[in-house]
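Let me begin by presenting the structure, written as structure tokens, before commenting on it.
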Amino acid sequence: MLQLDGVSKNFGGLPALQSVTFGVPKGRLTALIGPNGAGKSTLINCVTGLLPPTSGSVHFESVDISGLPAHRIAHLGITRTFQNLRLFPRLSVLDNVLTGLTCEGGTSMCMAMLRLPVLRHRERQLRLRALEAMDRFGLSDKAGWPAAVLAYGDKKRVELARATVGNPRLLLLDEPVAGLNAEETASVGEQLRTLRRAGQTILLIEHDMDLVMNIADHVVVLDSGQCIATGTPDEVRRNPLVLEAYLGRMEATA
Ligand SMILES: Nc1ncnc2c1ncn2[C@@H]1O[C@H](COP(=O)(O)OP(=O)(O)O)[C@@H](O)[C@H]1O
Ligand SMILES: [Mg+2]
């Protein structure tokens, strides 16, 4: 569904990604792992149009999306969450989740001002969908709360609800459980499993190895901007390059 070919990204001459090539198959959960600074978030930024790749190509369902602006890529059905939260702090939880449906609005200013019944019906439908998404992530009782006052774990869940409310074709998650406690991690893990069972295509960046090994179909390993291994969780776990470059270093810093 998503194919990266030789994607590189330089920041002021320093390479953050070096000729990265891998694919994300449809209906599967692919995990992207690697040490801090490996280039994982940069890769998602290049796929979603937040940053243009320096070279290489990104194809989504055979369409070349390399260098397209972020809103065009979002319209194709790619949504994401951010490692560092990006919510609208003063908007309610409900309104934050509703922003995940803006691609489906299609309402002109003129139509909106006329308050046509057909629009009121559509608004009700969008609200219902947002409420369902909030329910899935245990946020129903906080619908009217401003996002700013939520606990960190709830903010992460609002991002997940916003990213999934529009039934995206491809969901990119940048460390969705980072900073959550064990109980919250387990509940988000279960929600990811449910999404995967429903056939959602997911690219998951995650540091929690237990979570990755439990739910991923495929694993891609980045180290210093290079893709050093791909395979099933078991294959990757046994790969000496991965052990040395990633797990070994983690143990060394633990
Ligand atoms: N906007 C940016 N400007 C300059 N350097 C950046 C920028 N974003 C990331 N980098 C650098 O690119 C490298 C990869 O970062 P990042 O993609 O955030 O890694 P990861 O998500 O794997 O921890 C790091 O060395 C980081 O400092
Ligand atoms: Mg990152």
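The values are calculated or read from the model by the stated rules, or taken from the named source; none is laboratory data. None of the values given here were measured: they were computed from a predicted structure. Here Cβ is always computed from backbone atoms with ideal geometry, including for glycine, and neighbour counts include all displayed protein chains. Heads up: the accessible areas ignore ligands, DNA and RNA and are worked out on the full protein's heavy atoms, side chains in. Shrake-Rupley method; radii C 1.70, N 1.55, O 1.52, S 1.80 Å.
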- Query: Within the range 191-205, can you find the residues that are within 16 Å of the chain's Cα centre (by Cα) and either away from ligand 1 (no atom under 16 Å from the Cβ) or not hydrophobic (A, V, I, L, M, F, W, C) (or both)?
  - Reply: GLN191, LEU192, ARG193, THR194, LEU195, ARG196, GLY199, GLN200, THR201, ILE202
- Item | Index of the failed condition, LEU17 passing every other in (1) touching a strand residue (DSSP E or B) at 6+ places or on another chain (Cβ under 6 Å); (2) assigned to a loop (DSSP other than H, G, I, E, B) | (2)
- Item | Residue identified as open to solvent by less than 40 Å² (accessible area, probe 1.4 Å) and farther than 29 Å from GLY179 by Cα among VAL97, VAL63, VAL58 | VAL58
- In the range 137-184, anything polar (S, T, N, Q) and either surrounded by 19 or more Cβ atoms within 10 Å (Cβ to Cβ) or farther than 23 Å from ARG28 by Cβ (or both) is listed as SER140, THR164, ASN181
- Query: Conditions: (1) within 16 Å of ligand 2 (Cβ to nearest atom); (2) open to solvent by 70 Å² or more (accessible area, probe 1.4 Å). LEU17 meets all but one. Number of the miss?
  - Reply: (2)
- VAL188 vs. criteria within 16 Å of ligand 2 (Cβ to nearest atom), over 17 Å from ASN96 (Cα atoms) and either out of contact with any His (no Cβ under 6 Å at 6 or more places or on another chain) or assigned to a loop (DSSP other than H, G, I, E, B) (or both): no
- Leading residue by the ranking (farthest from ASP154 (Cα to Cα)) among those in the range 167-185 that are within 16 Å of ligand 2 (Cβ to nearest atom) and not in a loop (DSSP other than H, G, I, E, B): LEU172
